[in-house]
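The values are calculated or read from the model by the stated rules, or taken from the named source; none is laboratory data. Only a predicted model underlies this, so the values are computations on that prediction, with no experimental measurement involved. Using ideal geometry, Cβ is built from the backbone for each residue, glycine included, and neighbour counts are taken over all protein chains shown. Remember, those area values only see protein heavy atoms, side chains included, never the ligands or the DNA or RNA. Shrake-Rupley method; radii C 1.70, N 1.55, O 1.52, S 1.80 Å.
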Amino acid sequence: MDISRLRSQWQQISSDETCEAVIDHNFIHPLLTLLGFGPGDRITSFDTGTGIADIAARFPSTDRPAFGQERRHPDLIVEIKAPARRSRNTPSQTVTLSLEEGSAHQTRALSQLRHLLAGEHCRQTTWGLVTNARHLQLFQRHGHLVYPATPNFELRGDRIDGIVADLRACLQHPQRATTVCIYNHKGGVGKTTTTINLGATLAVAEEAVLLVDCDPQGDLSRSLELSPTATTLASCIQDPSLPITAAVRSFDLRLRSGSRIKSAHIFDVIPAAPQLQSVLIQAMQVGTPPITRLREVLQPLRDRYDYILLDCPSSWLFLSKSALYASDVVLIPTRHTDLSSLNNAAHVIHSFIFGEIQTFRYDGGPLPLPIFFNGAPTTDKAMEVATAEIAQILQKFAHLTPYFWPNYHLNDTAVLAIPEYAIISRAAFARVPAVFKDKRVLGFYQNLVRAYFQPLP
């Protein structure tokens, strides 16, 4: 199979009324062959454990049984969507089912893909692909997270070669790191505290973690008592030829073992520097550097870490826009006693993520995670007020329901919470993440990791 034959067979898919079986035969199977999956490496109508995927494929290997025999743990699942269907009201007419970025059909297809990847038989599956032979997009799974690995490609004859090359590159060299921006447009919700303790909790789970302080105020850097190196994040944003690796510092804990004191590496940090304020001013005055720069600067680090956590200022200016643009997912802290933090969370998701950044990125990223409360309800009354406020928000923005009440389909309006605990706030003055000061605090953040990022023992 060569690329010209794939292009020729794809061009035979001309009608909007083409069924999924035709797309499978004329496009998906030739494509999978070019991507390195032989006839024995793919299964049609694959049971993931939570539903049936149209196709599953696994790269050939001498270390495990043939995929057709084992029928578990594919590397890739494929969801095929017809580009149109008959109208229920007027059977003689067809209804277009577009997979264009931001379309309702594309949103539903991604939701279905996430559901399938959560199946028992897909625990080791990294990739999911969605296509209707008009558009095609590859998604990467990291733990519970599923986010774009490629742009949402519009398929054209003159672009097939490049698209196949991009898919091959992704499948052969997956990005190791998931980049997480911790953000709310409202200050005082615990973004820095969350960043530090989330990073420490992931480190306890033996994940390689990098924290990036994108806030000119440098609260995260001060909390960890880390000053910037000679090469700073600001200088790398201004001059991308500088090595970002030179800006990385190690955060180590000093541990006493008997009469000896030794250091234990926890995670790496890129501290903030005062020059970040100059970068912000420059961007506001003359529009340079672009908000794409931070993503480009961090790219060499994505194969060194499992998670890159970005702490940024609350103001919706250059540095925060850059951090969201650079991220795969956005984690949004709120406080149940601060109703403006809930309304700001809705604004962040609806206007900043879905509106400004996703429109600019062309790949549907970053993806917002459900909100969580920094501080558990102190009284039932406080929780009632917060629930009522969320209900009002969702009356206006019903499409945001999964990001406030992820289990609403089960009549569950619970919001994940980090309980209010004095030691969490005091730990910043001790220059030690709170998860290392109290096992209960570690348990709180482990619950957050289990819910949003990955299973833990």
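The table below gives the values:
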quantity: Residue that is surrounded by the most Cβ atoms within 10 Å (Cβ to Cβ), among those in the stretch 379-411 that are part of a loop (DSSP other than H, G, I, E, B) and of a type outside the set (A, V, I, L, M, F, W, C); calculated: Pro406
quantity: Single unsatisfied condition, Ser278 versus (1) of a type in the set (Gly, Ala, Ser); (2) buried (at least 17 other Cβ atoms within 10 Å of the Cβ); (3) over 29 Å from Gly375 (Cβ atoms); calculated: (2)
quantity: Condition met for Phe251 (under 17 Å from Leu309 (Cα atoms) and in contact with a helix residue (DSSP H, G or I) (Cβ under 6 Å, 6 or more places away or on another chain)); calculated: no
quantity: Subset of the stretch 307-329 (residues that are open to solvent by less than 10 Å² (accessible area, probe 1.4 Å) and hydroxyl-bearing (Ser, Thr, Tyr)); calculated: Tyr307, Ser320, Ser322, Ser327
quantity: Qualifying residue in the stretch 362-378 (condition: in a helix (DSSP H, G or I) and open to solvent by 20 Å² or more (accessible area, probe 1.4 Å)); calculated: no
quantity: Filter result for the condition that a residue is modelled with pLDDT under 95, open to solvent by 10 Å² or more (accessible area, probe 1.4 Å) and either in contact with an Asp or Glu (Cβ under 7 Å, 6 or more places away or on another chain) or closer than 20 Å to Pro216 by Cα (or both), over Ala273, Ala264; calculated: Ala264
quantity: Residue satisfying condition, being hydrophobic (A, V, I, L, M, F, W, C) and within 18 Å of Pro433 (Cβ to Cβ), within set Ala264, Ala247; calculated: Ala264
quantity: Residue count, the stretch 225-236 (criterion: out of contact with any Leu (no Cβ under 6 Å at 6 or more places or on another chain) and open to solvent by less than 10 Å² (accessible area, probe 1.4 Å)); calculated: 1
quantity: Residue list for the stretch 1-50, restricted to those being open to solvent by less than 20 Å² (accessible area, probe 1.4 Å), of a type outside the set (S, T, N, Q), outside any helix (DSSP H, G or I) and under 23 Å from Gln112 (Cα atoms); calculated: Ile43, Phe46
quantity: Condition met for Thr359 (of a type in the set (Val, Ile, Thr) and part of a loop (DSSP other than H, G, I, E, B)); calculated: no
quantity: Qualifying residue in the stretch 105-121 (condition: in a strand (DSSP E or B), at pLDDT 90 or above and of a type outside the set (Gly, Ala, Ser)); calculated: no
quantity: Members of the stretch 53-70 that are in contact with a strand residue (DSSP E or B) (Cβ under 7 Å, 6 or more places away or on another chain) and either aliphatic (A, V, I, L, M) or open to solvent by 50 Å² or more (accessible area, probe 1.4 Å) (or both); calculated: Ala53, Ile55, Ala56, Ala57
quantity: Search result, residues across the stretch 122-156 that are in a loop (DSSP other than H, G, I, E, B), open to solvent by 10 Å² or more (accessible area, probe 1.4 Å) and over 15 Å from Thr179 (Cα atoms); calculated: Arg123, Gln124, Thr126, Arg134, Pro151, Asn152, Leu155, Arg156
quantity: Positions within the stretch 281-306 being among the charged types (D, E, K, R) and surrounded by 15 or more Cβ atoms within 10 Å (Cβ to Cβ), in sequence order; calculated: Arg293, Arg295, Glu296, Arg302, Asp306
quantity: Among (1) in a helix (DSSP H, G or I); (2) within 30 Å of Ala57 (Cβ to Cβ); (3) aliphatic (A, V, I, L, M) - the single one Val180 does not satisfy; calculated: (1)
quantity: Residue satisfying condition, being of a type outside the set (Asp, Glu), open to solvent by 40 Å² or more (accessible area, probe 1.4 Å) and modelled with pLDDT under 90, within set Arg159, Arg85; calculated: Arg85
quantity: Of all residues making up the stretch 203-220, the number that are small (Gly, Ala, Ser) and open to solvent by less than 10 Å² (accessible area, probe 1.4 Å); calculated: 1
quantity: Residue check, Gly190 within 29 Å of Ala345 (Cβ to Cβ), of a type in the set (Gly, Ala, Ser) and open to solvent by less than 10 Å² (accessible area, probe 1.4 Å); calculated: no
